[in-house]
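Trainee: I'd like to ask some things about the structure below.
The values are calculated or read from the model by the stated rules, or taken from the named source; none is laboratory data. None of the values given here were measured: they were computed from a predicted structure. Positions of Cβ are backbone-derived with ideal geometry, glycine not excepted, and every protein chain shown enters the neighbour counts.
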């Protein structure tokens, strides 16, 4: 088994923490009867905003756990949410693009590919 690269561990833990904090903040916002920030446009119903916010937090939380464990699905979940957030949240485009590039460079470099592929080959051998 190949050792987990430190940048992959850092990104995984940060993404996991961001997802967890997002779930807590959305829950606190709903508990206080405050409106959830509109994602797509100002006329989006609150229920859709709430569902998208929870799904985003859950996707980041689960993606962080899976990426930390070396699951290839986890890194694709993280990248998928980065791209989706770039499309949906059109408020801070440049920081989101920079974040996406950093995540791509960390999760898809040579040592990270070796780490994620070693996990896949171990599960294939055990079948």
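Trainee: Quick one: what pairs do we get from the stretch 42-61, first residue at negative phi and touching a residue at least 24 places away in the same chain (Cβ under 8 Å), second loosely packed, with under 14 Cβ neighbours inside 10 Å and in a loop (DSSP other than H, G, I, E, B), C-beta under 9 Å, 6+ apart or different chains?
Mentor: Here the result reads 52/40; 53/37, each pair linking the stretch 42-61 to a residue that is loosely packed, with under 14 Cβ neighbours inside 10 Å and in a loop (DSSP other than H, G, I, E, B).
Condition check ((1) closer than 22 Å to residue 6 by Cα; (2) surrounded by fewer than 19 Cβ atoms within 10 Å (Cβ to Cβ); (3) at pLDDT 90 or above) across all residues:
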position: 67; (1), (2), (3): yes, no, yes
position: 71; (1), (2), (3): yes, yes, yes
position: 79; (1), (2), (3): yes, yes, yes
position: 84; (1), (2), (3): no, yes, no
position: 87; (1), (2), (3): no, yes, no
position: 90; (1), (2), (3): no, yes, no
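Trainee: Now for a separate question. Restricting attention to the stretch 104-116, and to residues there that are in contact (Cβ under 8 Å) with a residue 12 or more places away in the chain, out of contact with any helix residue (DSSP H, G or I) (no Cβ under 7 Å at 6 or more places or on another chain) and in a helix (DSSP H, G or I), which single residue is surrounded by the fewest Cβ atoms within 10 Å (Cβ to Cβ)?
Mentor: Residue satisfying both the conditions and the ranking: 114.
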